[in-house]
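The values are calculated or read from the model by the stated rules, or taken from the named source; none is laboratory data. Just so we're clear, the structure is a prediction, and the values are computed from it rather than from any experiment. We place every Cβ from the backbone using ideal geometry, glycine too, and count neighbours over all the protein chains shown. Accessible surface areas use protein heavy atoms only, side chains included; no ligands, DNA or RNA. Shrake-Rupley method; radii C 1.70, N 1.55, O 1.52, S 1.80 Å.
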Amino acid sequence: MHKLFYILCCLLIWVDSRSQTSDDAYREPLKQVLTEIESQYGIKIRYSDGMVNDHWVTYARWRFRPDVEKTLTNVLASQDLSFSKTGDKSYKISAYQYHLKTVEEGKAQLEYLSTLYNDVASWEKRKTELRACMYEALQLSPIPPAPASKPITTPVRKMDGYTVENIAFEVLPGVYTCASLYKPAKIKGKIPVVLCPDGHWEKHRYRADCQYRCASLARMGCMAISYDLFAWGESLLQFKTEDHRRSLAMTVQTLNAFRILDYMLKLKEADTSRVAISGGSGGGSHTMLVTALDDRIKLSVPVVMVSSYHSGGCPCESGMPVHLCGNGTNNVEIAAMAAPRPQLVISDGGDWTAHVPEIEFPFLQKMYGYYGKTDQVENVHLPQEKHDYGINKRTALYEFIGKHFHLDLSAVKDKTGKIDESKVTIEPENALYVFGDHGEKLPVNAIHGYDQLKVLFEGKK
């Protein structure tokens, strides 16, 4: 009986779908349309009911094409949904990936952008317009005044050739960002400053590879500072994990860099002519954006993030409409805003930077060429590697900074001349805390929750 009822219902739906006319805009439930696509093309489509329930498709069957992927595109685009191929005849539906284009679309956008300028003057005009728009998009025009509080520091820990101390900055009233500051054990004269933002890898600044990078830079003679993403690390004492995927994450993280630069460049040992920034993944997005916005950065190394077709899928990278500035920009044009300052683009074959040598890097070379400085931009491409900030990528960073900041790399090399990070001490996570093992030292004025953060930006939209 139940089986007969099910068949009758299906027949009623089938008849109903074909009784639709232009008067009804050929309207059908999305779930029904997907079932028909599965049947007609012999495929399987994975999705959650919550993603498709109560969704209707107008002109549904008119969107069908002989090619299944074109059909899926036509149907799902109308619902702000997208799909990915998971097997020979299987697909998965996801929310619309606003930050993604196809490789061909990314290349085409670069070709279009190239028509907007043809020399230093026209490019500088475009760059000025982009920068002003980006500050507005981030709600940082004007930049809010800095709190009068002094940074909170922990005792200095002495290691082999370097020191570490933890430090917290009040970037907005009641909003704290924590960091770890690595310095050479012995400092003579003025030394370089390197900001080390990071991406969405597990444990963030507590990770071994992050500690290797910052400690090695310190052993080379730099001050290197690694700082938390918004709503990661000790920022979780004030905000929830899900707050990281909200738009103001992008603004707070940008402001973090400005505040940290304000502090670092006032230190008596800081060489303001040698200031660098390098991060990977989401930290690579952050690297490009901060360099584009702040001329105090003299050298940049964005890692596994320069892409013409991927703008960063996390709201901390694309949650504010920065990429809509100038009637549309992308991470490559943002990276080009560093010109003619030295820049190393590190890419690999296992993510969205796989095409850098033939698509993105030539664009950057062209932009640097306007200044007669093509030698100031480089690309280290690692086709066999994947999305990380591994030893080969760190080696490229050390060598690039060493070359441009005139540093002696012998402190981080073994007897054969190979990069050697074995003298770095990997500390446990709680050793890098500012506010205690359980957050018991968090200042009493600390705000709690995204709603309180939003209040600080009211009136700036």
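Against the definition (at pLDDT below 95 and under 29 Å from A231 (Cβ atoms)), how does S300 come out, yes or no?
no
Within the range 184-193, how many residues turn out to be in contact with a Phe, Trp or Tyr (Cβ under 9 Å, 6 or more places away or on another chain) and buried (at least 23 other Cβ atoms within 10 Å of the Cβ)?
Residues in the range 184-193 being in contact with a Phe, Trp or Tyr (Cβ under 9 Å, 6 or more places away or on another chain) and buried (at least 23 other Cβ atoms within 10 Å of the Cβ): 1 in total.
When you check T71 against the structure, is it β-branched (V, I, T), within 33 Å of the chain's Cα centre (by Cα) and not in a loop (DSSP other than H, G, I, E, B), yes or no?
So T71 fits the description; yes.
Check S273 against each of (1) in a helix (DSSP H, G or I); (2) more than 21 Å from L130 (Cα to Cα); (3) not hydrophobic (A, V, I, L, M, F, W, C) and name the one condition it does not meet.
(1)
Return a yes/no flag: does the range 162-172 have any residue that is at negative phi and open to solvent by 70 Å² or more (accessible area, probe 1.4 Å).
no
Within the range 107-145, how many residues turn out to be open to solvent by 60 Å² or more (accessible area, probe 1.4 Å), part of a loop (DSSP other than H, G, I, E, B) and in contact (Cβ under 8 Å) with a residue 24 or more places away in the chain?
2
Restricting attention to the range 38-54, which residues are touching a strand residue (DSSP E or B) at 6+ places or on another chain (Cβ under 7 Å) and either buried (at least 17 other Cβ atoms within 10 Å of the Cβ) or touching a residue at least 12 places away in the same chain (Cβ under 8 Å) (or both)?
I43, K44, I45, R46, Y47, M51
Among the residues in the range 84-99, are any assigned to a helix (DSSP H, G or I), surrounded by 14 or more Cβ atoms within 10 Å (Cβ to Cβ) and out of contact with any helix residue (DSSP H, G or I) (no Cβ under 8 Å at 6 or more places or on another chain)?
Scanning the range 84-99, I find no residue that is assigned to a helix (DSSP H, G or I), surrounded by 14 or more Cβ atoms within 10 Å (Cβ to Cβ) and out of contact with any helix residue (DSSP H, G or I) (no Cβ under 8 Å at 6 or more places or on another chain), so the answer is no.
How many residues, within the range 271-292, are over 16 Å from L255 (Cβ atoms) and either without any contact (Cβ under 8 Å) to a residue 24 or more places away in the chain or over 11 Å from the mean Cα position of the chain (by Cα) (or both)?
Counting residues in the range 271-292 that are over 16 Å from L255 (Cβ atoms) and either without any contact (Cβ under 8 Å) to a residue 24 or more places away in the chain or over 11 Å from the mean Cα position of the chain (by Cα) (or both) gives 7.
Taking the range 172-202 on its own, how many of its residues are in contact with a strand residue (DSSP E or B) (Cβ under 6 Å, 6 or more places away or on another chain) and not in a strand (DSSP E or B)?
So the count comes out to 5.
Based on what the data block shows, is Y450 closer than 23 Å to S278 by Cα and touching a helix residue (DSSP H, G or I) at 6+ places or on another chain (Cβ under 9 Å)?
no
Under the condition of being at positive phi and small (G, A, S), which residue from the range 197-245 is least open to solvent (accessible area, probe 1.4 Å)?
Checking each candidate, the answer is A231.
How do the strands (runs of 3 or more DSSP E) wholly within the range 287-400 filter down when requiring 1 or more residues that are crowded, with 21+ Cβ neighbours inside 10 Å and touching a His at 6+ places or on another chain (Cβ under 7 Å): which remain?
299-303, 343-348
Is it the case that some residue within the range 404-418 is within 19 Å of A338 (Cβ to Cβ) and either open to solvent by less than 50 Å² (accessible area, probe 1.4 Å) or part of a helix (DSSP H, G or I) (or both)?
Yes: one or more hits.
So which of A276, A249 ends up being more than 19 Å from S141 (Cβ to Cβ) and modelled with pLDDT of 95 or more?
Testing whether each residue is more than 19 Å from S141 (Cβ to Cβ) and modelled with pLDDT of 95 or more leaves just A276.
Of the numbered conditions (1) closer than 30 Å to I152 by Cβ; (2) surrounded by 15 or more Cβ atoms within 10 Å (Cβ to Cβ), D451 fails exactly one; give the number of that condition.
D451 satisfies all of (1) closer than 30 Å to I152 by Cβ; (2) surrounded by 15 or more Cβ atoms within 10 Å (Cβ to Cβ) except (2).
Can you confirm whether S216 is among the polar types (S, T, N, Q), touching a helix residue (DSSP H, G or I) at 6+ places or on another chain (Cβ under 6 Å) and in contact (Cβ under 8 Å) with a residue 60 or more places away in the chain?
yes
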